[in-house]
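Asker: Dropping a structure here in structure tokens format, bear with me for questions.
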Amino acid sequence: MSFSSLGLIEPLLRAVAERNYSTPTPIQTEAIPAILRGSDVQASAQTGSGKTAAFALPILQHLATTRRERGRFVRALILVPTRELAAQIGESFRVYARFLPEPIKTLVVYGGVSINPQMMALGGGADVIVATPGRLLDLIDHNAVSLSAVSTLVLDEADRLFEFGFTDEFNRILGLLPARRQNLLFSATFPAEVQSLATNLLHEPVRIAIAAEPANKPDILQRVIEVDAPQRTQLLRHLIEANAWTRVLVFVATKYATEHVAEKLRRAGLAASALHGELSQGARTQALADFKASKIRVLVATDLAARGLDIIELPVVVNFDLPRSAVDYTHRIGRTGRAGESGVAVSFVSADTHAHFCLIEKRHQLDLPREQIEGFEPVETDIPAPASTGGVKGKRKSKKDKLREAAARQQTGTASESSPARESASMPTLQPEIKFSWRRRPSSLR
Ligand code: AMP
């Protein structure tokens, strides 16, 4: 299968060739002809599957071959949950549109930055707007843009739009769109609300499900390293240096931990930055740009960075703190091994988080071997309960007990920064409805 057999026009084929895409990815093979035909599409696809080009290329073709009205109108609207994803998709549109005979005006709008430049840029409308819902509504309220001529609506990462609480904004936007339009819905997962949205929004959609999830892709080597929680930063440093990893995305559970781990790495002489949702937009953009340009070697991030971010040639992802859910695990490790490249995903597992990792494995039907690294072998296999909790000597503490203790320690601030208590306090917790008994694996699996 080649791009030229999908029905794309020559300037788009040229742009694709310039990006060195030799063959379309499965989602592109299925979605591009359907979108070119004008069908609605419901696609379940992860970031990393090539989904941006799957909708951007046919949308650009439609825009390039139809007339644009003058005024504050927008022709294609892409709604996304995060600023980073918006910026990335906007950039893709610009890259793919480069060789089109008429320029295609693509604007990216999101909150957290001044609205004025966005209002100015919108003068005369735009062909494509990639927007987060809240800022788009602000611009509509300022009369800077009209949605009445939108011919294609894309919802990208629809599950996250809901997760981030954009439901009201989204419904208001829907009310402002013309009834006749093409709708394309992309989502990694289809929880009930996304499914019901799909049912209401889409007209006889072409349904596309891309089976290969990053968690099961053979080109991501998944490594699980047993280590005591307080040793993780040192181990991370050791792995980076011993393996000469040039670019590492490290996931931690909290904003605090991003800063804390990045700072420790910097003190050890590694160029590292933190990325989390409470940084200013400027700082977030800078951290990502520095990472992409290899000015920093380690980016320590919360799950904010787990989806949507496209960092080309990201060879290694490290789960310093485990993700909360099996789905988040997929998204995190899917940051590497993208578009045919191989990658390594390393998860740190300690006595405290072992059960949680087993659960993630169970959900993905994985059974990964455990590794220990010389000099970092864990010594904490069990934590005896203190007398005050009424624990029986030698009996493993319940999750509740541990959480209660961690919360108490955090409140009193008694834990030192690198103590196990402090680090385990930032650990994600098991979902309450899941019961799982802790077990050591047989040595053959460890
Ligand atoms: P996406 O899933 O849209 O975030 O794309 C993931 C990555 O795959 C991006 O870096 C794209 O540039 C790249 N990509 C998209 N389509 C192809 C293709 N057909 N061949 C190779 N790389 C691709």
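The values are calculated or read from the model by the stated rules, or taken from the named source; none is laboratory data. What you are looking at is a predicted structure, and each value in this text was computed from that prediction instead of being measured. Neighbour counts are summed over all protein chains in view; Cβ atoms, including those assigned to glycine, are modelled from backbone coordinates with ideal geometry.
Asker: Restricting attention to region 96-116, which residues are assigned to a helix (DSSP H, G or I) and modelled with pLDDT of 95 or more?
Answerer: Passing the criteria: 96, 97.
Asker: Still on this structure, please answer the following. What are the residue pairs meeting all of these: first residue in region 1-27, first residue aromatic (Phe, Trp, Tyr), second residue within 11 Å of the ligand (Cβ to nearest atom) and outside any loop (DSSP other than H, G, I, E, B), Cβ atoms under 9 Å, and 6 or more apart or on different chains?
Answerer: These pairs meet every condition: 3/16; 3/17; 3/28; 3/32; 3/57; 21/3; 21/28; 21/53.
Asker: Can you pull out the residues in region 140-161 that are surrounded by 20 or more Cβ atoms within 10 Å (Cβ to Cβ) and either without any contact (Cβ under 8 Å) to a residue 60 or more places away in the chain or not assigned by TED's automatic domain parsing to the domain that holds residue 196 (or both)?
Answerer: 158, 159
Asker: Determine whether residue 41 is touching a helix residue (DSSP H, G or I) at 6+ places or on another chain (Cβ under 7 Å) and closer than 18 Å to residue 154 by Cβ.
Answerer: So residue 41 passes the test.
Asker: May I pose another question? Given the options 263, 193, 259, name the one that is in contact with a helix residue (DSSP H, G or I) (Cβ under 8 Å, 6 or more places away or on another chain) and not in a strand (DSSP E or B).
Answerer: 193
Asker: Let me ask you something else. When the residues of region 16-30 are filtered to those that are within 11 Å of the ligand (Cβ to nearest atom) and at pLDDT 90 or above, which remaining residue is farthest from residue 207 (Cα to Cα)?
Answerer: Here the residue is 17.
Asker: Got a number for residues in region 1-15 being farther than 12 Å from residue 99 by Cα and either away from the ligand (no atom under 11 Å from the Cβ) or charged (D, E, K, R) (or both)?
Answerer: Looking only at that region, the number is 4.
Asker: Here's a follow-up. Can you name the condition, by its number, that residue 388 falls short on among (1) at pLDDT 90 or above; (2) more than 24 Å from the chain's Cα centre (by Cα); (3) not in a loop (DSSP other than H, G, I, E, B)?
Answerer: Unmet condition: (1).
Asker: How many residues are surrounded by 21 or more Cβ atoms within 10 Å (Cβ to Cβ), within 23 Å of the chain's Cα centre (by Cα) and in a helix (DSSP H, G or I) when one looks only at region 1-29?
Answerer: Total meeting the criteria: 2.
Asker: Determine whether region 75-84 contains at least one residue that is assigned by TED's automatic domain parsing to the domain that holds residue 98, away from the ligand (no atom under 13 Å from the Cβ), farther than 16 Å from residue 206 by Cβ and in contact with a Phe, Trp or Tyr (Cβ under 6 Å, 6 or more places away or on another chain).
Answerer: Within region 75-84, one or more residues are assigned by TED's automatic domain parsing to the domain that holds residue 98, away from the ligand (no atom under 13 Å from the Cβ), farther than 16 Å from residue 206 by Cβ and in contact with a Phe, Trp or Tyr (Cβ under 6 Å, 6 or more places away or on another chain).
Conditions tested, residue by residue: (1) in contact (Cβ under 8 Å) with a residue 12 or more places away in the chain; (2) closer than 25 Å to residue 158 by Cβ; (3) not in a helix (DSSP H, G or I).
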site: 48; (1), (2), (3): yes, yes, yes
site: 53; (1), (2), (3): yes, yes, no
site: 71; (1), (2), (3): yes, no, yes
site: 77; (1), (2), (3): yes, yes, yes
site: 119; (1), (2), (3): yes, no, no
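Asker: In region 31-51, which residue that is within 12 Å of the ligand (Cβ to nearest atom) and under 20 Å from residue 335 (Cα atoms) is nearest to the chain's Cα centre (by Cα)?
Answerer: So the residue we want is 47.
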